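Values in this text are rule-based calculations from the coordinates and carry no lab data. Owing to the predicted nature of the structure, the values given are computational and were not obtained by experimental measurement. Methodologically, a virtual Cβ is constructed for each residue, glycine included, from the backbone with ideal geometry; neighbour enumeration extends over all protein chains shown.
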Amino acid sequence: MEKFMVIGERIHCISPTIRKALDARDPEPILKRAKEQIEAGAAYLDVNIGPAEKDGEELMQWVVELIQSECDNVPLALDTANKKAIEAGIKVYNRSKGKPIVNSADAGERIDNINLAAANDAMVIALCASEGIPADNDERMMYCQQMLERAMEAGMEPEDLLFDPLFLVIKGMQEKQVEVLEAVRMMSEMGLKTTGGLSNVSNGAPKELRPVLDAYTVAMAMMCGLTSAIANPCDKKVMEAIKTCDMILGKTLYADSFLEL
Amino acid sequence: MAYKKAAKKYSGEIREVTLGSGDKAVAIGGKNVLPIHSFDGNVGNPPKIGLEIVDIVPEDWHDDLKKIYDGVLEDTAEWAKFAVDNFAPDFICLRFAGADPDGKNKSVEECVETAKKVAAAVDLPLVIAGTKNVEKDEKLFSAVAEALAGENVLILSAREENYKTVGAAGALAYKHKIAAETSVDINLAKQLNILMNQLGVQNEDLVMNVGSAAVGYGFEYLSSTMDRIILAALGQNDSTLQMPIITPVSTETWTVKESAASEDDEPAWGSSIERAIQMEVATAAAVLVSGADAIIVRHPKSLATMKTFISNMLGSGLN
């Protein structure tokens, strides 16, 4: 009955500030976001350096060492399409607070990332998709099985895989929402750990509504067994939902100050 | 297939807290498994047992118990020294029963003098217990904390009503350890630790007194509360509950009827002092297996029995 694990999403090259800091090897904006997220309750930080085709290896090593040395070896999810950059990052990664997470593998072209994780004693986010969005849960669960088998063959423990059912945008794919929640439930019933990009669900919605959509989605998904999410820990509504659900589910003990922890 | 021993692993562990100073300092806590589950992992420091003494001649104590301390009861420092020299407890709990406004109502200044003399007479760690009157204890603890600066005593205890003063004087100003006391209330136990943290008291300086009960007097509730606290501390890695636990046993067990009833009133129950020791030992042993890291008893025989119990339970050959 572990607490819900928040993987902070805010060190992402899609943010102009982070993009610029990564390009210029400027520590300050990256560390600021790292510290804010840890303070707000992130257990892991996702580090997305983009495709990083040119200097990915050097860049990933720089950012991993930077964040871990300044933030008490906070555990990280290494997020890039560049496999060599992930491997390079793992080489300099300090495991004292948790294994690195490879972000991510899927059941298609990126399935080899499972082997990459296995070879490096890392965890891996296993996205239950191959090409595009799975048509239904039969397809999702087939991918889930395929990746689980691949991992077992490679000698991984199931608990080192975080299965991502692929959260979908509400505005536009409303009819898919319950299906995704049901996928979380099926994976949880198999005893598997789960995760997902929470803010996908609120893409395109007005800014003031995004925390509401994210918070209610995570609460319903936690009821279905969701064990972690890639989310914005600085979003107060989302964190309140997660802390409250953890408590209702008996994963943390109630105290009047529970929201302040 | 060969038998494979499965060990229960937890993600959290109970912090180690050191009481006292110098060679005789004792560490409590440090376990990362359930109490005495040495087959699962590290049981930390063996539980420590302290003897209770009081700052006045304890009129309400059993005559046979007072007889043991004949000649030293009038002088608390002599009493402390006698107890240490003859019975080798792990620590001394000095309880200021005489400061109680409903009793002798001794002044804070008198208590400070007593505390200083006791601290000078013994080199074991001291646990300073109060009157249960929150206003008096607040003043008493603040003054004793100042007078005993450097001794690293455990102040027993800070409660919801007075934690700010007791925490600020005891831990922040004079660097002692503080026991956060709640009355068998798991949510308040956690909350009081959080409030202490918010006051600035470090977890390393905190111990919990989560309440006490004699066996047969709501003990199951105490035991289940301790279980849940330890399971949250270990299993959920809840840092707000990873303090070692101290449980005062004597103040509960000597007043229940099994201990207090006279042999005239209950001729079938046998020796009253034997009954009282049995109640104290039964409760102390039950509290120990429920997870207490330090226990306070009154009778030297209870102390000796518990020390034997601990060394037998945690000694070699049990793994």
Worksheet entry | Scan of the range A:231-256 for residues that are among the aliphatic types (A, V, I, L, M), under 24 Å from B:Leu195 (Cβ atoms) and surrounded by 16 or more Cβ atoms within 10 Å (Cβ to Cβ), ordered by number | A:Met239, A:Ile242, A:Met247, A:Leu253, A:Ala255
Response to the item:
Residue pairs within 6 Å by beta carbon, gap of at least six or interchain, first lying in the range B:157-181 and of a type in the set (Phe, Trp, Tyr), second crowded, with 22+ Cβ neighbours inside 10 Å, listed first then second, are B:Tyr174/B:Ala145
Worksheet, complete the sentence: Of (1) charged (D, E, K, R); (2) out of contact with any strand residue (DSSP E or B) (no Cβ under 8 Å at 6 or more places or on another chain); (3) free of Cβ contacts under 8 Å to residues at least 60 places away in the same chain; (4) farther than 30 Å from B:Ala232 by Cβ, B:Asp40 satisfies every one except (4)
Practice prompt. Could you identify the single residue in A:Leu162, A:Leu166, A:Leu181 that is of a type outside the set (Phe, Trp, Tyr), away from chain B (no Cβ under 14 Å), over 27 Å from B:Gln198 (Cα atoms) and in a strand (DSSP E or B)?
Written response: A:Leu162
Practice prompt. Grab the strands (runs of 3 or more DSSP E) fully contained in the range B:1-57, keeping just those with 3 or more residues being out of contact with any Gly (no Cβ under 8 Å at 6 or more places or on another chain), buried (at least 18 other Cβ atoms within 10 Å of the Cβ) and not charged (D, E, K, R).
Written response: B:48-54
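Residues checked against (1) more than 13 Å from every other protein chain (Cβ to nearest Cβ); (2) of a type in the set (A, V, I, L, M); (3) buried (at least 20 other Cβ atoms within 10 Å of the Cβ):
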| site | (1), (2), (3) |
| --- | --- |
| B:Ile178 | yes, yes, yes |
| B:Asn197 | no, no, no |
| B:Glu220 | yes, no, no |
| B:Thr225 | no, no, yes |
| B:Gly235 | no, no, no |
| B:Thr240 | no, no, yes |
| B:Pro244 | yes, no, yes |
| B:Pro248 | yes, no, yes |
Worksheet item: Here is a list of conditions, (1) surrounded by 15 or more Cβ atoms within 10 Å (Cβ to Cβ); (2) within 14 Å of another protein chain (Cβ to nearest Cβ); (3) not acidic (Asp, Glu), and A:Leu259 meets all of them except one; can you say which number that is?
Response: (1)
Item to complete: Would you be able to say whether some residue in the range B:254-265 is under 19 Å from the mean Cα position of the chain (by Cα) and within 14 Å of chain A (Cβ to nearest Cβ)?
Response: no
Worksheet item: Which members of the range B:200-218 meet the condition of being more than 12 Å from B:Ala180 (Cα to Cα) and either within 12 Å of another protein chain (Cβ to nearest Cβ) or of a type in the set (Val, Ile, Thr) (or both)?
Response: B:Val215
Worksheet, complete the sentence: Taking the range A:1-30 and keeping residues under 19 Å from the mean Cα position of the chain (by Cα) and more than 14 Å from every other protein chain (Cβ to nearest Cβ) leaves A:Val6, A:Ile7, A:Gly8, A:Glu9, A:Arg10, A:Ile11, A:His12, A:Cys13, A:Ile14, A:Ser15, A:Ile18, A:Ile30
Item to complete: Working only within the range B:180-195, note down all residues that are at the interface with another protein chain (Cβ under 9 Å from one of its Cβ atoms) and under 20 Å from the mean Cα position of the chain (by Cα).
Response: B:Ile186, B:Leu188, B:Ala189, B:Lys190, B:Leu192, B:Asn193
